[in-house]
Amino acid sequence: MNKPAVFLSAIAGAVVVLMTSCGKDPNDPGKEYMPDMYRSPSYEVYSSNPNFPDSLTMQAPVKGTIPRGYEFFEYPSSNEGYEAAGRDVKNPLALTDENMKEGERLYGIYCTHCHGESGAGDGNLVKIGKFPPPPSYSSAPSSRGGLMKDLSDGKIYHTITYGINLMGPHASQISPADRWKIVMHVHKLQGQVSGAAAGDSTSAAVKDSSNATAMAK
Ligand code: HEC
């Protein structure tokens with residue numbers, strides 16, 4: 001065959017392939033080269049699945065499964081658990097500037113919208129009338145007895161973990177270490193000598209008087 005003939009038959013071959021590779025049905029992909037490469041035979045997450053008794057592809061984790069790094073908090077979500085945690089649990093983290101700063105940052109993310117920047121119970125959700133004011137950390141009584149300013153490490157940690165009444169639990173979104181850093185910042189807003197040293201109600205000394213004045217208004 002001469003060159004033009006080779007060229008012509010190549011074009012004719014290409015036309016035949018093009019004309020036959022697509023059918024009338026727009027959903028029919030026609031002939032595909034190694035379709036498994038891009039049409040995986042695996043099941044989609046939300047598709048039904050004949051291999052499991054419940055026909056679901058996405059199976060629930062085995063009962064009792066815990067996430068990697070999970071830390072068990074042995075005090076139950078009850079008044080007894082709250083009181084026991086308040087008595088026995090102390091902040092395991094060192095009261096460093098770095099931890100305090102991080103606690104303040106995290107408080108700004110998770111707590112300010114209700115409790116307010118200074119902890120007076122005047123967060124934005126309260127200001128726009130979407131949420132009743134939480135009690136002030138420095139000057140109000142706790143609904144569980146005693147004063148907010150005397151709440152100990154363990155009581156605050158228990159509250160962040162399980163919530164209380166209108167305040168929801170935060171265990172799923174804040175790691176234990178981050179909760180402890182937030183506890184340090186709450187101590188500061190209470191006017192307690194902040195951190196681990198301020199674990200009980202007898203040490204409610206005011207450390208930062210400018211802060212206390214700001215909250216007394
Ligand atoms: C959706 C609003 C809301 C958010 C967000 C919120 N709180 Fe609260 N919090 C409340 C309310 C309301 C109360 C009062 C509940 C009661 O005593 O009935 C409260 C109570 C508390 C108490 C007092 C518990 C006690 O023993 O009396 C502490 C401490 C506290 N919150 C800490 C926090 C911290 C720390 C965060 C952020 C991690 C946070 N809260 C996030 C609304 C909120």
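Kindly check whether there is at least one residue in segment 23-45 that is part of a loop (DSSP other than H, G, I, E, B) and either β-branched (Val, Ile, Thr) or at pLDDT 95 or above (or both). So far as segment 23-45 goes, yes, one or more of its residues are part of a loop (DSSP other than H, G, I, E, B) and either β-branched (Val, Ile, Thr) or at pLDDT 95 or above (or both).
Within the set ILE156, ILE174, the sole residue that is near the ligand (Cβ under 10 Å from one of its atoms) and either under 23 Å from PRO67 (Cβ atoms) or modelled with pLDDT under 95 (or both) turns out to be ILE174. Can you spot a residue in segment 3-14 that is aromatic (Phe, Trp, Tyr), without any contact (Cβ under 8 Å) to a residue 60 or more places away in the chain and part of a helix (DSSP H, G or I)? Among the residues of segment 3-14, at least one is aromatic (Phe, Trp, Tyr), without any contact (Cβ under 8 Å) to a residue 60 or more places away in the chain and part of a helix (DSSP H, G or I), which makes the answer yes. When segment 179-189 is filtered for residues that are touching a residue at least 40 places away in the same chain (Cβ under 8 Å), within 9 Å of the ligand (Cβ to nearest atom) and more than 16 Å from HIS113 (Cβ to Cβ), only VAL183 remains.
Return the pair list, or none, for Cβ contacts closer than 8 Å from residues in segment 124-138 that are more than 12 Å from CYS111 (Cβ to Cβ) to residues that are of a type in the set (D, E, K, R) and more than 10 Å from the ligand (Cβ to nearest atom), at least 6 apart or on different chains. Filtered contacts from segment 124-138: PRO133/ASP122; SER138/LYS149. Here GLY30 passes the criteria (1) in contact with a Cys (Cβ under 7 Å, 6 or more places away or on another chain); (2) in contact (Cβ under 8 Å) with a residue 24 or more places away in the chain except the one numbered (2). Restricting GLY123, GLY108, GLY145 to residues that are buried (at least 17 other Cβ atoms within 10 Å of the Cβ) and within 13 Å of the ligand (Cβ to nearest atom) narrows the list to GLY123. In segment 52-76, the residues that are at positive phi reach residues that are not in a loop (DSSP other than H, G, I, E, B) with C-beta atoms within less than 9 angstrom, at least six apart or across chains, in these pairs: SER55/SER48.
The values are calculated or read from the model by the stated rules, or taken from the named source; none is laboratory data. Note that the coordinates shown come from a computational prediction; the quantities given were computed from them, not determined experimentally. All Cβ positions, glycine included, derive from the backbone under ideal geometry; neighbour counts span all protein chains shown.
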